[in-house]
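Participant: Got a structure for you, written out below as structure tokens; questions coming shortly.
The values are calculated or read from the model by the stated rules, or taken from the named source; none is laboratory data. Fair warning: this is a prediction, and the values are worked out from it, not measured in the lab. Counting neighbours? That spans all protein chains shown, and the Cβs are built from the backbone with ideal geometry, glycine included. These accessible areas exclude ligands, DNA and RNA; they are computed on the full protein's heavy atoms, side chains included. Shrake-Rupley method; radii C 1.70, N 1.55, O 1.52, S 1.80 Å.
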Amino acid sequence: MSVKIRNDKQGRKTTATIYGDLDHHTAKYIRSEIDRAIGEHNTKTLIIDFSNVTFMDSSGIGLVMGRYKLISELSGEVQIANPPPYIRKVIQLSGINKLCRIITLDCEDKPDDTEEKDTADKTIITKEQDHETENSQRA
Amino acid sequence: MKQKIVNELKMSFPSLSENERFSRLAVSGFLSQLNPRIDELSEIKTAVSEAVTNCIVHAYRNTTGLIFMQVRIFDTSKVYIKIRDKGCGITDIKKAMEPLFTTAPEEERAGLGFAVMESFMDRIKVRSASDKGTTVIMEKTLKTREGFV
Ligand SMILES: Nc1ncnc2c1ncn2[C@@H]1O[C@H](COP(=O)(O)OP(=O)(O)OP(=O)(O)O)[C@@H](O)[C@H]1O
Ligand SMILES: [Mg+2]
């Protein structure tokens, strides 16, 4: 599990891309990384990118709801990007999609592992906690 | 309809959050013999994760205890999962199962664990006694095959 954070200073936009499983065990770390970025960059728009999340339970809903409360106090918004089908079901069940817009990030908007050429002020924070990766797509 | 147990898994592990992932992978590994559909398997994994997390977060709050898990496969492709703890118990099960009800809002719990288990599994039964512990039984019949061979 890891989280990569990219900050776009001009738009006060923070994109957090989560990799791996999002459960009670991993949520604590992801939460602290995102909250630190929000504090440091005075974030108004937080995009949580789920394209690389391999598993999520209600702990993930708690994480989104908590960030929603935080960002709402700063009159900002939280967006949920690219949730895979098995995560979409949990999101819809929770109703969190009524508070946070579900968006599609295309490849150009997505922070990737390669060096970015654009001028946006960006920081990447990453920490591998778990080297074993599981692909829930495979049964 | 008569149904026969064709395989069974029993295990126990301490209530460490590291075991949340392990427990759902164990169930998913055990059920792979049924060649389940990806969506059904991910629903089962999510339900297991909810029940196990509840033991860790609520039942054994501030302590560590054992979590008991039992999985049965029936010849009808029915999967039976029992997750049991010897923790604090639930005083009002009906209330606890209401969507958005949580006793730990300050820990960013959403109160959706039981709602997820109910919606992702065919059946759920909860038994609990104060200071004795809680048992969650869930069942789901897989659509993949006509029966186990
Ligand atoms: N095994 C258990 N032992 C003791 N109490 C439990 C147990 N499981 C659930 N509860 C109680 O039932 C409530 C509701 O559980 P549920 O899983 O639906 O929500 P939650 O765990 O509070 O939040 P979430 O699952 O969304 O993170 C809990 O807040 C807790 O008080
Ligand atoms: Mg729960």
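Participant: Condition first: closer than 23 Å to A:Phe55 by Cβ, outside any helix (DSSP H, G or I) and away from ligand 2 (no atom under 12 Å from the Cβ). Can you find one or more residues in the stretch B:114-122 that meet it?
Facilitator: yes
Participant: Oh, and also: Pull up the stretch B:77-113, narrow it to residues that are in a loop (DSSP other than H, G, I, E, B), open to solvent by less than 30 Å² (accessible area, probe 1.4 Å) and away from ligand 2 (no atom under 11 Å from the Cβ), then point me to the one that is modelled with the lowest pLDDT.
Facilitator: Per the stated criteria, the residue is B:Ser77.
Participant: Another question, if that's okay. Looking at (1) within 13 Å of another protein chain (Cβ to nearest Cβ); (2) in contact (Cβ under 8 Å) with a residue 60 or more places away in the chain, which is the one condition that is false for B:Val136?
Facilitator: (1)
Participant: Right, something else. For the stretch A:36-67, enumerate the residues that are assigned to a helix (DSSP H, G or I) and within 11 Å of chain B (Cβ to nearest Cβ).
Facilitator: If the condition is that a residue be assigned to a helix (DSSP H, G or I) and within 11 Å of chain B (Cβ to nearest Cβ), then A:Ser58, A:Ser59, A:Gly60, A:Ile61, A:Gly62, A:Leu63, A:Val64, A:Met65, A:Gly66, A:Arg67 are the ones that fit.
Results for (1) within 14 Å of chain A (Cβ to nearest Cβ); (2) touching a Lys or Arg at 6+ places or on another chain (Cβ under 9 Å); (3) within 17 Å of A:Leu22 (Cα to Cα), shown as yes or no for each residue.
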{"site": "B:Val6", "(1), (2), (3)": "no, yes, no"}
{"site": "B:Leu9", "(1), (2), (3)": "no, yes, no"}
{"site": "B:Arg24", "(1), (2), (3)": "yes, yes, yes"}
{"site": "B:Ile44", "(1), (2), (3)": "yes, yes, yes"}
{"site": "B:Ala47", "(1), (2), (3)": "yes, yes, yes"}
{"site": "B:Cys55", "(1), (2), (3)": "yes, yes, no"}
{"site": "B:Tyr60", "(1), (2), (3)": "yes, yes, no"}
{"site": "B:Ile81", "(1), (2), (3)": "no, yes, no"}
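Participant: So which residues in the stretch B:1-23 are surrounded by 14 or more Cβ atoms within 10 Å (Cβ to Cβ) and touching a His at 6+ places or on another chain (Cβ under 7 Å), if there are any at all?
Facilitator: B:Ser17, B:Glu20, B:Arg21
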